[in-house]
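Take a look at the structure set out below.
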Amino acid sequence: MAKEYRRDFHALEVRRRRGMAMLAEGKTQGEVARRCKVTTACTNHWAKLMRARPHKPWAGRKLGKPSKLTKRHKIFLERAIKTSPLKFGFFTELWTLPRLAGVLEEKTGIKIHPAHLWKVLDTLGYSPQKPEKRALTSNRGFRRNRFE
């Protein structure tokens with residue numbers, strides 16, 4: 001079973017601030033490492049950050065790979081969703097993730113997996129919609145008489 005935990009980014013920043021304050025006081029990297037319960041490589045990294053980024057050296061960076069999609073791409077996606085799929089050459093009025101991914105690639109050149117595209121749409125406030133199932137040729141009079 002995989003471990004399920006989240007890093008406490010606030011606690012990590014507090015530890016970095018404490019360690020950097022000790023380094024600024026003139027404590028050795030080894031002493032700071034022992035007191036903060038980190039490796040000396042970590043304190044060495046903190047010292048480099050203090051020299052490279054004097055303004056807020058303790059501030060953490062955004063984790064993960066940067067998104068391929070810019071704000072412009074997201075605006076394009078929202079406009080595409082509000083437009084009928086028929087205008088993009090599809091035969092039905094239903095948007096699907098593969099269709100949206102295809103349109104995005106065709107119009108902007110950005111290839112994105114439909115599963116990841118769903119995460120992007122979720123951040124834009126969209127939720128999954130299940131189309132209503134109905135017969136293509138409906139005879140309401142027949143159904144009314146049969147089920148009453």
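The values are calculated or read from the model by the stated rules, or taken from the named source; none is laboratory data. Keep in mind it's a predicted model, so treat the numbers as computed, not measured. Glycine also receives a Cβ, built like all others from the backbone with ideal geometry; neighbour counts cover every protein chain displayed.
Data overview
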{"read-out": "Per-region count, segment 56-71, residues closer than 17 Å to Glu25 by Cα and either in contact with a Gly (Cβ under 7 Å, 6 or more places away or on another chain) or not charged (D, E, K, R) (or both)", "value": "2"}
{"read-out": "Subset of segment 70-92 that is surrounded by 10 or more Cβ atoms within 10 Å (Cβ to Cβ) and among the aromatic types (Phe, Trp, Tyr) - its residue that is farthest from Lys107 (Cα to Cα)", "value": "Phe90"}
{"read-out": "Any hit, segment 112-120, residues being modelled with pLDDT under 90 and among the charged types (D, E, K, R)", "value": "yes"}
{"read-out": "Residue tally, condition in a helix (DSSP H, G or I) and surrounded by 11 or more Cβ atoms within 10 Å (Cβ to Cβ), over segment 26-41", "value": "8"}
{"read-out": "Residue within segment 54-69 that is surrounded by fewer than 12 Cβ atoms within 10 Å (Cβ to Cβ), assigned to a helix (DSSP H, G or I) and without any contact (Cβ under 8 Å) to a residue 60 or more places away in the chain present", "value": "no"}
{"read-out": "In segment 83-128, residue farthest from Gly64 (Cα to Cα) [restricted to those that are part of a helix (DSSP H, G or I) and of a type in the set (Gly, Ala, Ser)]", "value": "Gly102"}
{"read-out": "Check on Trp95, farther than 30 Å from Gly26 by Cβ, in contact with a helix residue (DSSP H, G or I) (Cβ under 6 Å, 6 or more places away or on another chain) and surrounded by 12 or more Cβ atoms within 10 Å (Cβ to Cβ)", "value": "yes"}
{"read-out": "Residue within segment 38-52 that is in the same structural domain as Arg16 (by TED's automatic domain parsing) and either modelled with pLDDT under 85 or among the aromatic types (Phe, Trp, Tyr) (or both) present", "value": "yes"}
{"read-out": "So Thr92, is it under 30 Å from Ala11 (Cα atoms), out of contact with any His (no Cβ under 8 Å at 6 or more places or on another chain) and modelled with pLDDT of 85 or more", "value": "no"}
{"read-out": "Of all residues making up segment 39-53, the number that are of a type in the set (S, T, N, Q) and either on the phi > 0 side of the Ramachandran plot or in contact (Cβ under 8 Å) with a residue 24 or more places away in the chain (or both)", "value": "1"}
{"read-out": "Answer residue from segment 42-53, given it is aliphatic (A, V, I, L, M) and more than 17 Å from Val14 (Cβ to Cβ) and is surrounded by the fewest Cβ atoms within 10 Å (Cβ to Cβ) among those", "value": "Ala52"}
